Amino acid sequence: MGLALFYILIFPGFLFLGFLSLAFEFIDRKLYARLQNRVGPPWYQPLADLIKLAAKETVVPREAESRLFRAIPSFAMAATAAAFLYIPIWGKTSLFPFDSDLIVILYFLTIPTLTFFLAGWFSSSLYAEIGCIRAMTQFFAYEVPLYMSLLGPAMLAGTWSVSGITEFYSSNPALALCNLPGLIVAVFATQGKLERVPFDIPDAETEIVGGTFTEYSGRFLALFRMTIDAELVVASALIAAVFLPFFIPASPVFGFILFLIKVFIVVFLLALMRTALARLRIDQMVGFCWRILAPLSLLQVLIDLLVRGVLVS
Amino acid sequence: MIVDRIINWARLKSPWIIHFNSGACNACDIEVLAALTPRYDVERFGVQLKGSPRHADVLVCSGPVTIQQRERLITIYEQMMEPKFVIAVGTCACSAGVFNGCYCVEGGVDTAIPVNAYIPGCPVKPEAIIDGVVKLLGSLKD
């Protein structure tokens, strides 16, 4: 019981994940700034933002569904933190590996998007409703390519467990190169999941004020921001575990350092995309996901099926 | 109290702004946007432009308050969360400038809402806006 609480609250649960997500938000923003040739925020910036928001006045609009409005941010944070428990952090296996935990992680990562939709819907504000419907439209566009791109590597490895996939590819590193199309799809789809440029259509501040979070303020907004930061870490760690399972050492300390480096690489790719691209329209985004990402992820599945056929025979 | 000091520190380090035009000729608005470009890099001070008044701490207000915009300005101000600050950017926002006494103009921003900092200029330079924001934050230190 005590150990379970330690896992949930401290490591690798809320406290550790919170620390990590603030650190990676800083890294992301600093990379973004450096790529734009400016200095960027100081290291404590995400922490200062969080404390300021938590200490600010919090208002629930009279029109909003009060209880759900308050509860939804906690659901988002809890789901993301739960997903983190099943991701390998210091080696080849996660803390609680079980068969098909890849599916569970993907489900947990779906919940924040659904909470964004519900948050916008129960705000009963025009801009928030437009934002949440856009979030949902976008969700149906990127989710299928994301699932299929992660399906390929799992099929080649012959297991649905992240630990099993990592184990398989770290013993056959050459096979991980087959998953290159899947990596591209997964990085693009993650950008959509995190609602960042070029897929920040749901909270496009130049069009629809604050999007889904228009009515959110104070500590609820702080929780949502934490959720998005944590999602960045969890999604990057998942991509790192499935697509970059190289050189995993036996020592947990080096394993953890390597984990940080891999997450940094994925965050760098995401930041590069955020800098280089501009926001798409919602129809362009859906078209891009279904016309380019979905066939690419199908190609990934095909490659993995063929390679597996050659391996088995 | 240590908690109060931490909260005050956080507030000084992360002023999120929202930009409102209460009837300006657009020159000050362009300068405000110029101040937010990578060239001036206000993210060094933690300044971010927010779309929703519920997220923002500082209302950057440009232009004289026209009769039409007065109610909207007050609505936007009231939707902001405490603690909130207002900066009047440009001579018109400070005192209505050349529009003072015009049939459709009420006066400066302070005729509608309380103002914490005045930045004169026609239009203000981005450096002046950043200087004004930093001075406002400096005055909040104690």
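The values are calculated or read from the model by the stated rules, or taken from the named source; none is laboratory data. The shown structure was predicted, so the numbers you read here are calculated from the model rather than taken from an experiment. Quick reminder, even Gly has a Cβ in these numbers, built from the backbone with ideal geometry, and neighbours come from all protein chains shown. Only protein heavy atoms, including side chains, enter the accessible area calculation; ligands, DNA and RNA are left aside. Shrake-Rupley method; radii C 1.70, N 1.55, O 1.52, S 1.80 Å.
Among A:265, A:89, A:239, which one shows the highest mean-square fluctuation when chain A is modelled as a Gaussian network with alpha-carbon springs under 10 Å?
A:265
Using only the Cα atoms of segment B:17-139, what are the Rg and Dmax in Å?
Over segment B:17-139's Cα set, Rg and Dmax evaluate to 13.3, 42 Å.
Could you tell me the total accessible area buried at the A-B interface, probe 1.4 Å, in square angstrom to the nearest hundred? Display every interim value, and only then the final one.
Details: alone 14160 and 7960 Å², together 19730 Å².
In total, chains A and B hide about 2400 Å² from solvent.
Averaged over its residues, how many other protein chain Cβ atoms are within 10 Å of peptide B:40-48's Cβ atoms?
Mean partner-chain Cβ count within 10 Å for B:40-48: 5.
Less than 19 Å apart at the alpha-carbon level, and either on another chain or at least 8 residues along: which lysines does that give for residue B:125?
Residue B:125 reaches B:135.
With N set to the number of residues, divide the alpha-carbon radius of gyration of the protein assembly as shown by 2.2 N^0.38 Å and report two decimals.
1.07
When chain A is treated as a GNM, springs tying every alpha-carbon pair under 10 Å, which of A:212, A:166, A:275 comes out with the largest mean-square fluctuation?
Of A:212, A:166, A:275, the most mobile in the Gaussian network model is A:275.
Going through the cross-link list B:13/B:141; A:56/B:84; B:84/B:141; B:13/B:84; A:52/A:262, which pairs have a Cα-Cα distance over 19 Å in this structure? Intermediate values should be presented prior to the final figure.
Details: B:13/B:141 11 Å; A:56/B:84 9 Å; B:84/B:141 15 Å; B:13/B:84 14 Å; A:52/A:262 31 Å.
Cα-Cα > 19 Å for A:52/A:262; rest within.
Heavy-atom accessible area of residue A:29 with all protein chains present, probe 1.4 Å, nearest 10 Å²?
Accessible surface of residue A:29 is approximately 20 Å².
For chain A, with all protein chains present and a 1.4 Å probe, just round the carbon and sulfur fraction of the accessible area to a whole percent. All intermediate terms of the calculation are to be shown ahead of the outcome.
Values: 9380 of 12970 Å².
On chain A, the fraction of accessible area on carbon and sulfur atoms equals 72 percent.
If you line up the long axis of helix A:101-123 against the longest principal axis of chain A, both from Cα atoms, how many degrees apart are they, to the nearest 10?
It is inclined by approximately 10 degrees.
Got a number for carbon plus sulfur as a percent of chain B's accessible area, 1.4 Å probe?
Values: 3830 of 6760 Å².
So the carbon and sulfur contribution to the accessible surface is 57 percent.
Just the number please: accessible area per residue for chain A, 1.4 Å probe, all protein chains included, in Å². Spell out each step's value before the answer.
Details: 12970 Å² over 313 residues.
For chain A, the per-residue accessible area is 41 Å².
Expressed as an acute angle from 0 to 90° and rounded to the nearest 10, what is the orientation of the C-alpha long axis of helix A:218-243 relative to the principal long axis of chain A?
It is inclined by approximately 10 degrees.
Leaving out ligands and nucleic acids, note down the accessible area per residue over segment B:17-139 with a 1.4 angstrom probe, in whole Å².
Counting only protein heavy atoms, the per-residue value for segment B:17-139 is 44 Å².
How much length, in nm to one decimal, is gained on full extension between residue A:247 and residue A:34, taken as 0.36 nm per residue of separation minus their Cα-Cα distance?
Values: separation 213, 0.36 × 213 = 76.68 nm, distance 2.91 nm.
Between residue A:247 and residue A:34, full extension yields an extra 73.8 nm.
Could you compute Rg(Cα) / (2.2 N^0.38 Å) for segment B:1-69, with N its residue count? Intermediate results must be reported in sequence, preceding the final value.
Numbers: Rg = 14.5 Å, N = 69, 2.2 N^0.38 = 11.0 Å.
Output field value: 1.32.
Could you size up the charge dipole of chain A around its Cα centre, putting +1 on the beta carbon of Lys and Arg and -1 on that of Asp and Glu, and report it in debye to the nearest 20? Intermediate values should be presented prior to the final figure.
Details: 21 positive and 21 negative charges, 109 e Å.
Dipole size: approximately 520 debye.
Kindly express, to the nearest 10 degrees and within the range 0 to 90, the angle between helix A:66-84's C-alpha long axis and the longest C-alpha principal axis of chain A.
Once rounded, one gets 20 degrees.
Highest GNM mean-square fluctuation, chain A, Cα pairs closer than 10 Å: which of A:41, A:145, A:153?
Its mean-square fluctuation being the largest, the pick is A:41.
Efficiency by 1/(1 + (r/R0)^6): what FRET value for residue A:278 and residue A:140, r their Cβ-Cβ distance, R0 = 22 Å, to the nearest 0.05?
0.45
How much length, in nm to one decimal, is gained on full extension between residue A:70 and residue A:3, taken as 0.36 nm per residue of separation minus their Cα-Cα distance? Can you show the working numbers first?
Details: separation 67, 0.36 × 67 = 24.12 nm, distance 2.97 nm.
That works out to 21.2 nm of additional length.
If you take the beta carbon distance between residue A:311 and residue A:96 as r and set R0 to 30 Å, what does 1/(1 + (r/R0)^6) give as a FRET efficiency, to the nearest 0.05? Working shown, then result.
Details: r = 29 Å, r/R0 = 0.97.
Working from the Cβ atoms, E equals 0.55.
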